[in-house]
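Q: Dropping the structure in here first, questions after.
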Amino acid sequence: MKVRTGGELVQDFLETNEISFVFGNPGTTETTFLAAVASSRATYVLSLHESSAVGIAAGYALITGKPSIVSLHTYPGLANGMFNMRNALMSGIPLMVINGQQDSRFLIHNPVLGAPNTQLAQTATKYAYEVTRTDDLAVALQRCYLQSQLQPPGPVFLSIPMNFMLEETAHTTFKRARIIDDTVPQGLGEAIAALRSVAPGKLVIVADYAVGAAHSIVAVSRIADALGADVYAAPFHVQGTVDPLHPRSRGQLPPTTSAINGILGRYDAMLLIGEKIDSFTYDGMQALPPELQVIQIAPSTRQLGFDFPCDIAILGDIQATLEALVDALGASPSQTGARAIDVAALDARYPASGPHASNALILAILRHLDQSVHIVTEGSSEDSIVQDMAVALGFRNVHFSPRGGGLGWALPLGVGIGLATGRPAVCFLGDGGSLFSIHALWTAAKYRIPSIFVCFVNHEYRLLKDLWCNVMKTNPETTHFVGLDFNDPNIDIKAIAEGFGARVETIGDADYVGDVLTRALEHKGPSFLLIEREP
């Protein structure tokens, strides 16, 4: 009979699943878990804050498609990581979050650091469990790792009392499960007939993040050509979902409900591929017109028809189902070619002089980058500008964040993408938003992870000011704002970034953007590039 300690089971689990990294920020109840990781082949990637540990792990999982393992300190550490766990949950990113718990023999006394961890975790995970005996540890590890990958993928949570790492058990079996979920519904004929019956120009395809995760962007383009449909990326799409240079691509749906309604109201029917049409604010009208015929393809019963009624709800693996649609429609490879990049239109829209001249710096940065580079945005007031430019220039890996609503996601996400790809992602964020997770710079510096951050400095929460004025029907010049300025004293973002190990440069002239980016792209670590924005 093979007998192993809990710590040795952790090592076996990591090796069985070929897990290279464990991301975390430790505490008292994690010491025995850390000792187990130290004796394994996995590298422990230290973050200075739990939110960064979760975000970096999410960026890594986003690229690899494998669940990342995250180690968080018990209740307080879990609380710190919760908002990025929620972001990952809403983004379909698989994580396995392992939490230390106080010694099980001590919990009867409600000790310091003993807390209802699973209760807290349930709001940001698809499954949460606390091990109650060492004999159950192998099953719990196996179960949680598998559950994180099943549709819809997302974070799972496992709380392990610290003494179980030292106790022995004969229940030691691990198997590397291969998931086969390439299901195609047999009843596709009804959906195909409905799609073909839509009048020319009256069908729209909306692609959510699942299309990118399934590597099915080309299939969507071919289906759009075959049906003569326009294609939009869903708002808050997390990762690239459409080919931005395809002639039928119309960009991204706006984030407000009435604006979405205005666009979708031009069509008779919609093919929604993925989870949902997410939105940011409600402004008097539902996002979907009630008369719009809705045909949805999703890989999970939890997603079909969840937000709005569906006429036809199709349950099936995204990649396999779209490929079946391509075959059934006789959709040949696109013959229309790629849409040309209209450089003159971009220059006219973002001139190098005038009241918003700093926009031209953003455009210059993007023009100096390869279109395969991952672009990440953080929810700043410049998001729509960056997204518009990136789509117009044909960037295929554009990540809108945060889908779950919590700032502090994009900066560590960029670090995780850099770790997974070996190439820097370029993350655009505001000075206010950066402070939620700027400690992720230290992890990038320590492990020499290539990463580039473009930070807009305006000493205010400008996006919130814009939203305030929009809701209250006022203008910034006459509005007395409360709690939205941090300019007395000014925050020295340059010194903060340098203190965490980033190399910092200020970009003030488009003529020097090429030199600045060359240095940033060659640097084995984080580069933090500052752009002063007009007040």
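Q: Taking the criterion of being acidic (Asp, Glu) and surrounded by fewer than 19 Cβ atoms within 10 Å (Cβ to Cβ), would at least one residue in region 272-294 satisfy it?
A: Within region 272-294 (the criterion being acidic (Asp, Glu) and surrounded by fewer than 19 Cβ atoms within 10 Å (Cβ to Cβ)), the answer is yes, since at least one residue qualifies.
A quick yes/no check of all residues on (1) open to solvent by 30 Å² or more (accessible area, probe 1.4 Å); (2) closer than 28 Å to Thr421 by Cα; (3) not in a strand (DSSP E or B):
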{"residue": "Val10", "(1), (2), (3)": "no, yes, yes"}
{"residue": "Gly24", "(1), (2), (3)": "no, yes, no"}
{"residue": "Ala36", "(1), (2), (3)": "no, yes, yes"}
{"residue": "Ala58", "(1), (2), (3)": "no, yes, yes"}
{"residue": "Ile63", "(1), (2), (3)": "yes, yes, yes"}
{"residue": "Gly81", "(1), (2), (3)": "no, yes, yes"}
{"residue": "Arg86", "(1), (2), (3)": "yes, yes, yes"}
{"residue": "Gly100", "(1), (2), (3)": "no, no, no"}
{"residue": "Arg105", "(1), (2), (3)": "yes, no, yes"}
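Q: A further question follows. Take the conditions more than 20 Å from the chain's Cα centre (by Cα), among the hydroxyl-bearing types (Ser, Thr, Tyr) and open to solvent by less than 10 Å² (accessible area, probe 1.4 Å) and apply them to Thr5. Does it pass?
A: no
Q: Looking at region 114-133, I want the residues that are within 15 Å of Cys144 (Cα to Cα) and open to solvent by 30 Å² or more (accessible area, probe 1.4 Å) and have a partner that is in a loop (DSSP other than H, G, I, E, B) and not hydrophobic (A, V, I, L, M, F, W, C) with Cβ atoms under 6 Å, at least 6 apart or on another chain. Which pairs are those?
A: From region 114-133, the pairs are Lys126/Gly154.
Q: Are any of the residues in region 234-241 under 18 Å from Gln296 (Cβ atoms) and in a helix (DSSP H, G or I)?
A: There is no residue in region 234-241 that is under 18 Å from Gln296 (Cβ atoms) and in a helix (DSSP H, G or I).
Q: Quick test of your reading of the structure: Lys494 fulfils all but one of (1) more than 14 Å from Leu435 (Cα to Cα); (2) basic (Lys, Arg); (3) open to solvent by 80 Å² or more (accessible area, probe 1.4 Å). Name the failing condition by number.
A: Condition (1) is where Lys494 drops out.
Q: Any residue in region 330-352 that is within 30 Å of Gly81 (Cβ to Cβ) and either of a type in the set (Gly, Ala, Ser) or open to solvent by 20 Å² or more (accessible area, probe 1.4 Å) (or both)?
A: no
Q: Next question, about the same structure. Of the residues that sit in region 295-308 and are outside any strand (DSSP E or B) and touching a strand residue (DSSP E or B) at 6+ places or on another chain (Cβ under 7 Å), which one is most open to solvent (accessible area, probe 1.4 Å)?
A: Thr301
Q: Tell me, which residue of region 399-429 that is in contact with a strand residue (DSSP E or B) (Cβ under 7 Å, 6 or more places away or on another chain) and open to solvent by 10 Å² or more (accessible area, probe 1.4 Å) is modelled with the lowest pLDDT?
A: Looking at residues that are in contact with a strand residue (DSSP E or B) (Cβ under 7 Å, 6 or more places away or on another chain) and open to solvent by 10 Å² or more (accessible area, probe 1.4 Å), I get Phe400.
Q: Which one of these does Ser159 not meet: (1) in a helix (DSSP H, G or I); (2) touching an Asp or Glu at 6+ places or on another chain (Cβ under 8 Å); (3) open to solvent by less than 10 Å² (accessible area, probe 1.4 Å)?
A: Looking at each condition in turn, Ser159 falls short on (1).
Q: Among residues belonging to region 441-466 that are part of a helix (DSSP H, G or I) and either among the charged types (D, E, K, R) or closer than 21 Å to Ser358 by Cβ (or both), point out the one that is most open to solvent (accessible area, probe 1.4 Å).
A: Lys446
Q: Also, I was wondering about something else. Among the numbered conditions (1) of a type outside the set (Gly, Ala, Ser); (2) more than 22 Å from the chain's Cα centre (by Cα); (3) assigned to a helix (DSSP H, G or I), tell me where Arg339 comes up short.
A: Every listed condition holds for Arg339 apart from (3).
Q: Let me ask something additional. Quickly run through region 478-498 and pick out the residues that are assigned to a helix (DSSP H, G or I) and not aliphatic (A, V, I, L, M).
A: Passing the criteria: Thr478, Lys494, Glu498.
Q: Please determine, by comparing only the residues of region 188-204 that are touching a residue at least 12 places away in the same chain (Cβ under 8 Å) and open to solvent by 60 Å² or more (accessible area, probe 1.4 Å), which one is farthest from Tyr267 (Cα to Cα).
A: The residue in question is Glu190.
Q: How many residues are touching a Gly at 6+ places or on another chain (Cβ under 8 Å) and farther than 30 Å from Gln303 by Cβ if we restrict to region 76-116?
A: 8
The values are calculated or read from the model by the stated rules, or taken from the named source; none is laboratory data. Since this is a predicted model, take the numbers as computed values, not measurements. Neighbour counts are summed over all protein chains in view; Cβ atoms, including those assigned to glycine, are modelled from backbone coordinates with ideal geometry. Keep in mind that these areas ignore ligands, DNA and RNA; they rest on the heavy atoms of the full protein, side chains included. Shrake-Rupley method; radii C 1.70, N 1.55, O 1.52, S 1.80 Å.
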